[in-house]
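**Student:** Handing you a structure now.
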Amino acid sequence: MRRREFIRMSVGGSVSASLALPRQLRAQANVQTRRVGVLIARAESDPEGSRQAAALERGLGDLGWSRGRNLQLDIRWQASDPAKRLALVRELVDLRPDALVVNSTAYLLLARRATSTVPIVFVAIADPVAQGFVQSLARPGGMLTGFGAEEPSMGAKWMELLKEIAPDVESVTVVFNPDTAPFPRMFLPPIQAVRSAASLEVTEAGARRTRT
């Protein structure tokens with residue numbers, strides 16, 4: 001199926017989305033069951049994650065797709081362990097879904113590597129262009145499309161805001177886990193670009209585990 005015909009997503013508040021299936025599939029909505037795999041970067045017990053899943057299901061229902069009639073939703077939740085996350089992605093791909101809906105950069109990286117044939121719709125990914133997921137927002141290309149969130153220039157704004165809040169701050173450390181959240185690196189060049197003007201020393205610290 002064609003990517004451009006596959007998806008229309010509306011995002012409001014915190015990743016509430018509705019998925020619009022292709023015209024030819026909608027015409028078959030009462031005939032053929034379609035399978036959609038969903039990867040949500042929140043724990044199953046997280047109320048916000050539950051709201052996001054419910055919003056997606058409501059949006060599909062508004063378009064004539066409902067569980068038990070012509071839709072099967074396979075939802076997988078956040079896993080802190082990278083190996084477990086990979087296993088969940090492969091599990092969904094092995095189910096041969098008609099599409100994958102992916103929330104989080106970590107899951108999107110794995111999903112893109114796991115399949116080149118299943119259309120992928122990403123939700124709230126930090127600058128998908130800067131991260132190399134799509135060619136541009138207007139013309140994504142390939143089998144991926146969706147909605148971005150933060151973009152790199154926000155890093156400079158954060159530093160400017162920090163100096164306004166705490167003008168005596170002289171050193172800033174950017175801490176992130178490169179395995180579970182690799183996207184923060186895209187904010188580093190804008191942060192480094194303003195360090196002289198803001199009189200800040202900026203260092204990067206990859207943290208892969210917590211100390212006990």
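The values are calculated or read from the model by the stated rules, or taken from the named source; none is laboratory data. Just so it is clear, the structure is predicted and the values come from calculations on it, not from any experiment. Virtual Cβ from ideal backbone geometry, glycine too; neighbours counted across all protein chains shown.
**Student:** For segment 173-194, state whether one or more residues are among the charged types (D, E, K, R) and either at pLDDT 80 or above or in the same structural domain as V93 (by TED's automatic domain parsing) (or both).
**Tutor:** So far as segment 173-194 goes, no, none of its residues is among the charged types (D, E, K, R) and either at pLDDT 80 or above or in the same structural domain as V93 (by TED's automatic domain parsing) (or both).
**Student:** Taking E48, is it within 29 Å of F176 (Cα to Cα), touching a strand residue (DSSP E or B) at 6+ places or on another chain (Cβ under 8 Å) and surrounded by fewer than 19 Cβ atoms within 10 Å (Cβ to Cβ)?
**Tutor:** No, not satisfied.
Residues checked against (1) touching a Phe, Trp or Tyr at 6+ places or on another chain (Cβ under 8 Å); (2) under 25 Å from R76 (Cα atoms):
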position: A124; (1), (2): yes, yes
position: G132; (1), (2): no, yes
position: R139; (1), (2): no, no
position: V175; (1), (2): no, no
position: L200; (1), (2): no, no
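**Student:** Taking the condition at pLDDT below 90 and touching a strand residue (DSSP E or B) at 6+ places or on another chain (Cβ under 6 Å), does A17 pass?
**Tutor:** It is true that A17 is at pLDDT below 90 and touching a strand residue (DSSP E or B) at 6+ places or on another chain (Cβ under 6 Å).
**Student:** I want to confirm something. Restricting to segment 74-114 and keeping residues that are in contact (Cβ under 8 Å) with a residue 24 or more places away in the chain and of a type in the set (G, A, S), which single residue is farthest from V38 (Cα to Cα)?
**Tutor:** S80
**Student:** Still on this model: Among the candidates D62, D94, D81, which residue alone is closer than 26 Å to D179 by Cβ, modelled with pLDDT of 90 or more and surrounded by fewer than 15 Cβ atoms within 10 Å (Cβ to Cβ)?
**Tutor:** Just one listed residue meets the conditions, D94.
**Student:** Restricting attention to segment 119-147, report how many residues are closer than 23 Å to V93 by Cα and touching a Pro at 6+ places or on another chain (Cβ under 6 Å).
**Tutor:** 2
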